[in-house]
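The values are calculated or read from the model by the stated rules, or taken from the named source; none is laboratory data. Predicted model, so just to flag it, every value in this text is computed and none were measured. Here the Cβ positions follow ideal geometry from the backbone for every residue, glycine too, while neighbour counts run over all protein chains shown.
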């Protein structure tokens with residue numbers, strides 16, 4: 001499936017999937033255990049920048065820490081190519097990635113994540129370990145059904161309480177360690193407590209860093225910025241300004257956590273945790289609306305929709321539309337005249353694109369009425385008969401071999417002027433996906449996945465699927481691989497070869513009802529009914545999952561050459577770029593029911609409102625969108 005790293009650990013129990021990051025002391029890979037299939041993170045420790053004494057130091061810390069809010073060390077891999085810590089893998093990425101998004105975390109999520117960090121610190125402090133480098137980059141995230149679980153990582157520069165006592169007895173300083181001369185004042189200046197710049201530390205130093213993170217998550221910025229020398233001066237001398245826009249309970253917690261003198265801060269993680277939980281109770285009693293959002297992400301700024309219903313659009317009548325269209329495809333037969341293949345309930349039909357639209361306006365729409373426009377001359381293409389498949393058409397698939405329709409009960413090859421050829425019939429609850437080259441076709445029900453050759457109808461392989469509440473989602477990743485998403489309250493993504501061999505398996509803690517592949521290889525954009533206002537962007541190479549704010553539950557997802565399209569129950573079409581950023585919202589006359597990209601920057605969109613439907617042809621390059629084609 002994915003391109004493998006050139007480096008493979010000889011005789012290793014783990015198979016490297018992908019490089020996912022670079023830490024302070026080496027690279028980090030995501031790998032899979034060869035026997036159990038469990039995903040782990042392999043943390044490479046550079047022997048020059050991370051000598052043996054530091055390596056054994058972090059290993060000692062990690063082996064002594066076992067807690068749901070701390071990234072655990074599972075094992076040690078020591079091979080001829082290097083040394084690796086085998087760590088828990090966190091598919092949600094880092095907290096830094098979240099606070100840098102164009103959206104912000106909702107207040108309940110901010111409070112919950114901060115509490116989880118404090119719970120993890122409480123465990124470490126009870127073991128006599130002070131982290132000394134708490135920052136968003138060192139807070140990793142596991143996906144939960146509607147939010148994330150925070151886990152503290154990277155104890156590479158952590159200090160032991162026993163070292164502080166030894167340093168005090170030896171006269172080195174009240175809280176300066178004997179290792180400071182070799183390590184320096186290591187840390188991240190933006191999150192370092194004032195005493196840390198003098199090489200001193202205590203549990204209060206970690207709590208100061210938590211306060212800076214809380215400030216940043218709430219306000220979208222840190223209290224101090226600048227170069228390291230400027231940050232040092234600000235932390236030592238400049239008071240923290242707490243905006244009046246913050247609620248009083250939050251101001252009280254931050255005021256105590258960010259005191260310059262350690263003695264004036266919270267005395268322990270437990271004390272700060274209690275204060276933050278009391279703050280949450282007080283905010284709930286005040287019935288703040290931001291505590292009732294029900295979504296993990298909130299947009300910093302909403303993108304105003306572009307209303308196409310009020311634009312000056314040239315309209316002309318075409319053939320009647322008696323039913324809402326459910327699927328669209330554009331095919332180019334041997335005559336080189338583009339045909340629009342459409343599906344409406346049980347019927348599949350064709351129309352000539354050149355007779356439907358003029359391509360000059362910024363956009364045009366055709367309001368399909370009861371009578372065709374008699375002023376236009378019908379061509380032979382416009383008289384192509386409609387095929388009735390006697391079951392609701394769910395999707396149309398296009399390949400170099402032609403067009404294929406998947407209904408609730410079967411799969412059919414449908415061609416203009418040709419007889420409809422059934423490939424699968426008399427089944428129940430079917431979904432399908434087709435290789436663009438037309439060499440293999442995947443069809444799934446709730447229990448079985450069938451792979452066959454659409455040309456000969458020959459069965460390639462049939463596989464049993466995990467018990468599924470929702471119909472599986474089938475997505476062609478490339479010419480050789482298919483991703484199938486199935487399950488109920490929890491989902492599983494299986495990556496299969498075209499021969500039906502399972503290459504990878506990934507688990508998600510929420511149901512997935514639909515997913516589409518993206519322009520970026522091995523990326524899926526998915527929707528879950530448990531998260532009605534967000535989307536999931538899934539990277540199947542490194543198995544990293546990002547949440548994207550959408551604002552509504554999508555009923556329609558579609559990939560395009562430049563990104564993705566989403567639509568819901570309202571009259572809005574949302575355009576997203578390949579990384580999931582919203583670049584435009586279009587308001588249409590009716591709910592979008594089908595959409596397809598035509599060429600590099602054109603869209604065909606079918607809508608339905610009441611008893612009337614419209615078919616839009618949009619030239620996105622002429623609309624005011626922040627989109628690169």
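Points to keep in mind about this one:
- Single residue of region 303-337 satisfying the filter (at pLDDT 80 or above and assigned to a loop (DSSP other than H, G, I, E, B)) that is farthest from the chain's Cα centre (by Cα): 324
- Residues of region 449-464 include none that is under 25 Å from residue 515 (Cβ atoms), surrounded by fewer than 20 Cβ atoms within 10 Å (Cβ to Cβ) and modelled with pLDDT under 85.
- Within region 555-588, tally of residues that are within 15 Å of the chain's Cα centre (by Cα) and over 18 Å from residue 601 (Cα atoms): 0
- Single match in 479, 547, 499 (criterion: in contact with a strand residue (DSSP E or B) (Cβ under 8 Å, 6 or more places away or on another chain) and modelled with pLDDT under 90): 499
- Complete set of residues in region 115-127 that are under 19 Å from residue 292 (Cβ atoms) and touching a strand residue (DSSP E or B) at 6+ places or on another chain (Cβ under 8 Å): none
- Counted residues, region 388-431 - those being crowded, with 21+ Cβ neighbours inside 10 Å, within 30 Å of the chain's Cα centre (by Cα) and farther than 25 Å from residue 465 by Cα: 0
- Residue in region 507-519 that is over 18 Å from the mean Cα position of the chain (by Cα) and surrounded by fewer than 19 Cβ atoms within 10 Å (Cβ to Cβ) present: no
- Qualifying residue in region 139-148 (condition: crowded, with 17+ Cβ neighbours inside 10 Å, modelled with pLDDT under 95, farther than 21 Å from residue 203 by Cβ and not assigned by TED's automatic domain parsing to the domain that holds residue 289): no
- Subset of region 494-510 [farther than 21 Å from residue 432 by Cβ and in contact (Cβ under 8 Å) with a residue 24 or more places away in the chain]: 504, 505, 506, 508, 509, 510
- Of the residues making up region 432-443, those that are surrounded by fewer than 21 Cβ atoms within 10 Å (Cβ to Cβ) and touching a strand residue (DSSP E or B) at 6+ places or on another chain (Cβ under 8 Å) are 436, 437, 438.
- Being assigned to a helix (DSSP H, G or I) and without any contact (Cβ under 8 Å) to a residue 12 or more places away in the chain is a description that applies to residue 271.
- Flag if residue 482 is buried (at least 19 other Cβ atoms within 10 Å of the Cβ) and within 25 Å of the chain's Cα centre (by Cα): yes
- Residue check, residue 295 without any contact (Cβ under 8 Å) to a residue 40 or more places away in the chain and under 33 Å from the mean Cα position of the chain (by Cα): no
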